[in-house]
Amino acid sequence: MCAHRLDPLLRPQSIAILGASTRPGSVGNTLIQQIKHGGYAGRLYPVNPRYEAIEGIKCYPSLAELPEVPEHVAFAVPNAAIEESLEQALALGIRAGTMVSSLYLEGDREPPLTERVRQRCRETGFILLGGNCMGFYNFESGLWMCGFHTRKVHRAGGVTLLSHSGSALCSMVDAEARLDYNYVVSPGQELNCTLADYMDFALEQPSTRVIALFMETARDPDGFVAALEKAQRKRIPVVALKVGRTEESAKLATSHSGALVGDDGAYQALFERYGVHRVRSIDELVFAALFFERFPNIGPGGLASIHDSGGERELFMDLAHDAGVPFARISAETTARLAARLEHGLPPVNPCDAWGTGNDAEGIFSDCFVALVEDPDTAIGVVLCDRSAEGVVNTMSPSVARRALRSAGGKPVIICSNHQGSGDSAQTLTLQQEGIVTMDGAPQFLRAVRALFDHRDFQGPGAAPAVDPAMVAKWKARLKGAGTLDETVSLELMQDFGLPTVPRRIVSTRAEALAAAASFNGPVVVKTAMPGIAHKSEVGGVKLNLGGEAAVGAAYDDLAARLGPTVLVAPMAAKGVEMILGVTRDAQFGPTLVIGSGGVLAEALKDVVLARPPFDAAWAARLIDRLKLRTLLDGFRGTPKADVASFAAAAARLSALAVALADVVKEIDINPVIVGPTGCVAVDALVVAG
């Protein structure tokens with residue numbers, strides 16, 4: 001087993017329970033019972049001057065009177081006694097501890113107890129879990145350090161569960177017998193050990209096959225990113241249920257880009273960058289973790305399913321489409337095998353409805369499912385069914401699955417009910433021990449399958465285009481304290497970093513406007529360039545497709561009278577699809593890129609994808625392919641096909657800029673970027689320095 005700095009916390013050889021008790025239901029008593037029941041092989045020392053023994057174990061009056069200095073101390077004492085107890089532990093040289101207390105004191109002084117404890121741990125290097133946590137489980141060594149009872153039997157497995165929700169943690173540990181854990185941690189207030197630290201620990205354990213997160217936030221963003229990078233390098237999947245999505249940050253944004261990202265966008269981009277599998281519910285978290293533990297190396301191909309209902313098969317196909325799960329494209333040989341066994345009128349296809357008259361149903365289902373599972377393009381086989389009385393899977397499905405498993409060549413074989421049943425039934429657990437996972441609910445099942453396929457097929461981004469160090473230095477100096485840049489300077493910045501931009505001139509008189517328009521030799525656009533107007537179209541500050549002195553002069557006169565004399569004159573960009581590129585800086589994770597459909601409807605449509613920079617053009621192209629209006633770029637109703645490659649290249653260049661100037665750029669909005677048949681061009685830009 002690899003050594004890790006959290007070993008004294010999560011793998012201690014000796015433990016003291018300070019505040020141990022004989023009172024049933026108390027934390028001090030439950031901890032002793034849990035540790036005993038788990039079979040912990042280390043040395044356990046209850047500490048309380050009121051008792052001689054607790055649960056048959058000798059009790060000591062104080063930490064100082066123990067026969068050795070324990071590695072770990074659990075603080076089962078009131079909040080008012082925490083500081084004194086911590087000082088006693090520190091004086092003895094105890095290295096780590098678990099603090100389940102809330103650390104809230106009524107009428108507390110400043111700084112509050114939580115901050116005083118945090119500071120002492122920081123000063124001394126004491127490794128603390130908590131406070132206000134449920135504790136942890138180390139199922140590999142039988143250390144059940146939790147203040148609440150769990151089910152009697154646990155098997156050590158490959159799932160590491162880290163949960164900011166104590167209730168969710170207990171639910172998944174206590175009532176979900178299909179998952180086998182190696183470590184379960186409730187980080188609590190994370191006073192000096194964060195989610196990132198526990199992830200790093202799990203990633204160093206040979207037994208870890210998947211990390212499951214129920215997370216509210218990343219209190220150590222840099223450490224969290226480092227842990228995700230390590231997980232990606234080691235090909236250990238991370239499944240995350242991230243809660244607390246809001247739109248509050250959008251209210252403070254200056255640019256369209258900031259409004260489109262919101263508070264949750266940086267997390268989404270981060271997860272995409274490192275191949276984190278994001279789920280929406282505890283059920284999806286359970287199913288995905290279960291799949292990754294049981295099926296770490298999924299093969300090529302898609303899903304094969306067999307059904308006993310035509311209507312439910314159609315529902316399953318709809319749900320699979322929504323989840324983005326492909327079905328296996330079965331071969332002609334497999335099709336022939338199905339046709340030979342199915343009753344008249346049932347098509348030999350995947351997914352397969354094999355129920356006819358009911359005559360020889362089990363034989364037909366078994367032969368057809370074996371044929372589907374043996375097909376070269378099948379990666380996973382599933383029997384879809386309904387539960388019978390008392391929540392039991394119908395008797396035919398296990399038999400069909402068992403026979404297919406023998407022929408599957410290591411491919412996963414699963415039973416999934418169309419609706420909820422039971423996650424800890426004896427039948428479910430027996431089938432799982434045989435190698436057949438039984439699940440409840442097609443949507444959750446499909447989300448887990450999608451996570452397996454995504455992990456199998458994941459390819460991270462390549463290197464972004466190189467940037468000129470001299471150009472970086474120039475713009476860092478220029479942007480420091482600059483605030484909101486005007487359009488000309490914003491476009492100049494884009495141009496210096498390799499993004500194609502439209503030619504333009506800033507003028508302050510009618511004569512200058514006419515001269516500028518004449519120099520471009522064609523239709524022009526005239527826009528206000530007055531300071532403080534971020535969104536020109538919203539104030540009638542843009543005049544398009546102007547030809548001739550009269551039109552240009554009239555446009556200038558109107559803008560000057562209403563908004564001020566300074567305007568920008570530029571040639572009209574060639575026709576194309578209006579797109580948007582942008583950057584916003586997240587307080588935790590730094591720059592996040594926005595790629596999407598642009599123009600005046602950018603915020604209304606919100607047809608965007610988010611990305612963590614830097615990345616190459618190939619990664620950008622994959623992101624662009626996910627846009628709802630992607631088909632417009634391929635030519636629509638006779639319009640020419642747009643040069644998507646040039647737009648992807650521009651996005652990659654912007655990603656390099658975003659990282660190079662991350663400390664001086666708060667927001668960037670390039671809207672629109674006109675993507676035409678022979679390239680793209682940035683027509684307007686807004687940069688907010690800060």
TODO: Considering only the stretch 314-338, state which residues are surrounded by 21 or more Cβ atoms within 10 Å (Cβ to Cβ) and either touching a Cys at 6+ places or on another chain (Cβ under 8 Å) or among the aromatic types (F, W, Y) (or both).
DONE: F316, L338
Open item on the list: Can you find a residue that is more than 30 Å from D440 (Cβ to Cβ), touching a strand residue (DSSP E or B) at 6+ places or on another chain (Cβ under 9 Å) and surrounded by 24 or more Cβ atoms within 10 Å (Cβ to Cβ) anywhere in the stretch 200-219?
Closed with: yes
Task: the stretch 259-314 - residue that is within 30 Å of R585 (Cβ to Cβ) and charged (D, E, K, R) and, of those, modelled with the lowest pLDDT - done: D263
Task: Selection within the stretch 1-21 - of a type in the set (G, A, S), surrounded by fewer than 24 Cβ atoms within 10 Å (Cβ to Cβ) and touching a strand residue (DSSP E or B) at 6+ places or on another chain (Cβ under 8 Å) - done: S14, G19, S21
Task: Answer from E83, E68, E87 - the residue that is farther than 15 Å from T124 by Cα, of a type in the set (D, E, K, R) and at pLDDT 95 or above - done: E68
Open item on the list: Please go through the stretch 649-666 and give me each residue that is buried (at least 24 other Cβ atoms within 10 Å of the Cβ) and under 26 Å from G576 (Cβ atoms), ordered by number.
Closed with: A650, A651, A652, L654, S655, L657, A658
- [ ] Could you tell me which of the residues V225, V243 is modelled with pLDDT of 95 or more and within 27 Å of A448 (Cβ to Cβ)?
- [x] V225
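Which ranges mark the strands (runs of 3 or more DSSP E) fully within the stretch 567-640 that have 2 or more residues being assigned by TED's automatic domain parsing to the domain that holds S655 and within 20 Å of L657 (Cα to Cα)?
577-586, 590-597, 608-611
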Task: Pick from the stretch 403-438, criterion out of contact with any strand residue (DSSP E or B) (no Cβ under 6 Å at 6 or more places or on another chain) and hydroxyl-bearing (S, T, Y), ranking: modelled with the highest pLDDT - done: S407
Task: Within the stretch 515-544, considering residues that are charged (D, E, K, R) and within 16 Å of V502 (Cβ to Cβ), the one surrounded by the most Cβ atoms within 10 Å (Cβ to Cβ) - done: K527
TODO: Would you mind stating whether A16 is under 20 Å from A91 (Cβ atoms), in a helix (DSSP H, G or I) and either among the polar types (S, T, N, Q) or modelled with pLDDT of 95 or more (or both)?
DONE: no
Open item on the list: Checking the condition assigned by TED's automatic domain parsing to the domain that holds S14, more than 24 Å from V239 (Cα to Cα) and either touching a residue at least 24 places away in the same chain (Cβ under 8 Å) or in contact with a strand residue (DSSP E or B) (Cβ under 6 Å, 6 or more places away or on another chain) (or both), which residue from T150, T194, T160, T114 passes?
Closed with: T114
- [ ] For the stretch 331-364, name all the residues that are among the acidic types (D, E) and under 43 Å from the mean Cα position of the chain (by Cα).
- [x] E333, D353, E362
Task: Single unsatisfied condition, A250 versus (1) of a type in the set (A, V, I, L, M); (2) at pLDDT below 95; (3) within 15 Å of the chain's Cα centre (by Cα) - done: (3)
TODO: Could you tell me whether L544 is touching a residue at least 24 places away in the same chain (Cβ under 8 Å), touching a strand residue (DSSP E or B) at 6+ places or on another chain (Cβ under 7 Å), closer than 24 Å to V687 by Cα and outside the structural domain of A645 (by TED's automatic domain parsing)?
DONE: yes
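Is it true that A451 is in contact with a His (Cβ under 7 Å, 6 or more places away or on another chain), buried (at least 17 other Cβ atoms within 10 Å of the Cβ) and at pLDDT 95 or above?
Criteria met by A451.
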- [ ] Could you give me the residue pairs with C-beta distances under 6 Å whose first residue belongs to the stretch 654-665 and is within 16 Å of K474 (Cβ to Cβ), whose second residue is in a loop (DSSP other than H, G, I, E, B) and modelled with pLDDT of 95 or more wherever it lies, and which are 6+ apart or on separate chains?
- [x] A656/A464; A656/P465; A656/V467; A656/P614; L657/F497; A660/V467
Open item on the list: Are there helices (runs of 4 or more DSSP H) fully within the stretch 424-529 with at least 3 residues that are in contact with a Phe, Trp or Tyr (Cβ under 7 Å, 6 or more places away or on another chain)? List them.
Closed with: 442-457
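Which of the residues belonging to the stretch 125-172 are assigned to a loop (DSSP other than H, G, I, E, B), under 30 Å from E87 (Cβ atoms) and under 28 Å from the mean Cα position of the chain (by Cα)?
G131, N132, C133, M134, H164 - these are the residues of the stretch 125-172 that are assigned to a loop (DSSP other than H, G, I, E, B), under 30 Å from E87 (Cβ atoms) and under 28 Å from the mean Cα position of the chain (by Cα).
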Open item on the list: modelled with pLDDT of 95 or more and either under 21 Å from A76 (Cβ atoms) or hydroxyl-bearing (S, T, Y) (or both): which single residue out of C170, C193 fits that description?
Closed with: C193
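So, in the stretch 56-78, of the ones that are β-branched (V, I, T) and either not in a loop (DSSP other than H, G, I, E, B) or not assigned by TED's automatic domain parsing to the domain that holds Q13 (or both), which residue ends up farthest from the chain's Cα centre (by Cα)?
Residue satisfying both the conditions and the ranking: I57.
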Open item on the list: With the structure loaded, tell me whether L559 is in contact with a strand residue (DSSP E or B) (Cβ under 6 Å, 6 or more places away or on another chain), assigned to a loop (DSSP other than H, G, I, E, B) and buried (at least 21 other Cβ atoms within 10 Å of the Cβ) or whether it fails that test.
Closed with: no
Task: Test result for A617, modelled with pLDDT of 95 or more, under 17 Å from P465 (Cα atoms) and in contact with a Leu (Cβ under 7 Å, 6 or more places away or on another chain) - done: no
Task: Tally of residues being surrounded by fewer than 22 Cβ atoms within 10 Å (Cβ to Cβ), under 37 Å from the mean Cα position of the chain (by Cα) and part of a helix (DSSP H, G or I) across the stretch 84-124 - done: 11
Task: Any hit, the stretch 557-576, residues being more than 26 Å from A511 (Cα to Cα), in contact with a Cys (Cβ under 9 Å, 6 or more places away or on another chain) and in contact (Cβ under 8 Å) with a residue 12 or more places away in the chain - done: yes
- [ ] With respect to A645, determine if the residue is surrounded by fewer than 24 Cβ atoms within 10 Å (Cβ to Cβ), within 14 Å of P500 (Cα to Cα), at pLDDT 95 or above and out of contact with any strand residue (DSSP E or B) (no Cβ under 8 Å at 6 or more places or on another chain).
- [x] yes
Task: Of all residues in the stretch 67-77 being under 20 Å from V27 (Cβ atoms) and hydrophobic (A, V, I, L, M, F, W, C), the one that is surrounded by the most Cβ atoms within 10 Å (Cβ to Cβ) - done: V73
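The values are calculated or read from the model by the stated rules, or taken from the named source; none is laboratory data. Being a predicted model, the structure only gives us computed values, none of them experimental. Positions of Cβ are backbone-derived with ideal geometry, glycine not excepted, and every protein chain shown enters the neighbour counts.
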